[in-house]
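The values are calculated or read from the model by the stated rules, or taken from the named source; none is laboratory data. Just so it is clear, the model here is predicted, and its values are computed rather than measured. Positions of Cβ are backbone-derived with ideal geometry, glycine not excepted, and every protein chain shown enters the neighbour counts. All accessible areas refer to the heavy atoms of the entire protein, side chains included, with ligands and DNA or RNA removed. Shrake-Rupley method; radii C 1.70, N 1.55, O 1.52, S 1.80 Å.
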Amino acid sequence: MARSRRTGVLEAEAWLTRELEGYRGEVLYGRLTATPLADAVHQVILTDVAHAFSGAGAREAGLKCLLGIGLWLPTGSDDFAVPDLSVVEQDFRGKHVQHNCYAPDGFRLVMEVTADNWSDDLGPKVECYAQAGIPAYLIADRKHDEVLLYTDPVDGKYPDPTRYKRGQSVPVPESVGVTLDLSVDTLLDGDD
């Protein structure tokens, strides 16, 4: 009789990422999730936001705007997320934890653009990012056609988000370190 070997969640995530080409794994509250390839509009949005941060002087402010960097989470022994976009301090490399992930104290803002797995962005990630103490969490919620901004978590929880509709701009919070307003239309559709 063959004995089965118990696989750890990080090992399972590594297998999933290797075997499901184009998917990226995350572990939220000990639950392994697989995120499919982003569509072209998703990528345009992220590129536009990265360019906006660059144009607002992120580098001069000691910040980097990165796509798809691992964020180690305090919500479970193996929990981590890979936000679509992160604004991090330039010395983030010195905050490596494990599994290509970095400590949350080097992150100033994380952003998610919703896709098929939108419920993770609007549910568990709000809780996980708040518990990690991320100062600002921006969600381009394409499912509900609005942008949500969570800021300043207290005792591991964000207050209710500020919601922005088309035609409005989202001011990047001062805690991020740059002065920048982002168009809701660009956050939902990318720049035309």
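In order along the stretch 142-149, phi translates into HN-Hα couplings of 5, 5, 10, 6, 7, 10, 10, 10 Hz, rounded to whole numbers, per the Karplus curve 6.51 cos²θ - 1.76 cosθ + 1.60 with θ = phi - 60° and x for Gly and Pro.
If a/c stays under 1.5 just call it rounded; otherwise compare a/b with b/c (prolate if a/b is bigger, oblate if not). Do that for the stretch 39-177, with a ≥ b ≥ c from the square roots of the Cα gyration tensor eigenvalues. Rounded, because the longest to shortest axis ratio a/c is under 1.5. Largest first, the residues GLU127, GLU21, GLU60 sort by 1.4 Å accessible area into GLU21, GLU60, GLU127. Of interest is the spacing of the C-alpha centroids, which for the stretch 125-182 and the stretch 95-111 amounts to 18 Å. Counting only protein heavy atoms and a 1.4 Å probe, the chain has 51 square angstrom of accessible area per residue.
Ranked by solvent-accessible area (1.4 Å probe, protein heavy atoms only, all chains present), the residues ASP48, ASP181 order from largest to smallest as ASP181, ASP48. With each label modelled as a point 7 angstrom along the Cα→C-beta vector, the ASP48-ASP185 pair spans 0.9 nm.
For LEU85, the residues 5 or more places off, or on other chains, whose built amide H falls under 5 Å of its own are GLY68, MET111. Summarising the label geometry, the points placed 7 Å from Cα in the beta-carbon direction at LEU37 and ASP145 lie 2.9 nm from one another. The residue list VAL49, GLY30, VAL147 was ranked by how far each Cα lies along the charge dipole of the chain toward its positive end, using unit charges on Cβ atoms, and GLY30 comes out on top.
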